Amino acid sequence: QVQLVESGGGLVQPGGSLRLSCAASRSISSIYVMGWYRQAPGKQRELVASVTSGGSTKYADSVKGRFTISGGNAKNTVYLQMSSLKPEDTAVYHCNFAGMDYAYWGQGTQVTVSS
């Protein structure tokens, strides 16, 4: 069983930065896409950013220009650099690794943006 372990969440003031990391507990072959999702209280989980094995990235409109996703399939890790954070970015952030016939989720890390 593969586990994804996130780290890097916490409390930050508006305008601040955080870097989230997600690592797999063992090597995973043929990852097609690695992504970050978030879920705020009372809201549905939404895609924040994703990167394919070919290096193509996708961002939610609300985070474009502020967040950067990077990842290494070879190392089975993915990162999310978050800058210029806003209170509306407050949520539990989950990473996801997906292939042709599988999808693994991390347990989530809390990000709180507040003064």
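Assorted remarks:
- Gain in span if fully extended, residue 19 to residue 103, counting 0.36 nm per residue against the direct Cα distance: 28.0 nm
- Label-to-label distance, nm, for residues given as residue 7 and residue 88 (7 Å Cα→Cβ offset): 3.2 nm
- Largest-first ordering by accessible area, 1.4 Å probe, given options 101, 89: 101, 89
- The chain - charge dipole about Cα centre, Lys and Arg +1 at Cβ, Asp and Glu -1, debye rounded to 20: 120 debye
- Accessible surface of residue 19 - all protein chains present, 1.4 Å probe, nearest 10 Å²: 120 Å²
- The chain: relative contact order as a whole-number percent, Cα under 8 Å and 6+ apart: 37 percent
- Segment residue 56-residue 27, length gained on full extension (0.36 nm per residue, minus Cα span): 8.3 nm
- Dipole of the chain [Lys/Arg +1, Asp/Glu -1 at C-beta], most positive-end residue of 60, 112, 79: 79
- Taking a straight line from the alpha carbon of residue 43, these lysines sit under 28 Å away, with near neighbours fewer than eight places off in the same chain left out: 58, 64, 86.
The values are calculated or read from the model by the stated rules, or taken from the named source; none is laboratory data. Just so it is clear, the structure is predicted and the values come from calculations on it, not from any experiment. Reconstructed Cβ throughout: ideal geometry from the backbone, glycine too, with neighbour counts over all protein chains shown. Surface accessibility is based on the protein's heavy atoms, side chains included, excluding ligands, DNA and RNA. Shrake-Rupley method; radii C 1.70, N 1.55, O 1.52, S 1.80 Å.
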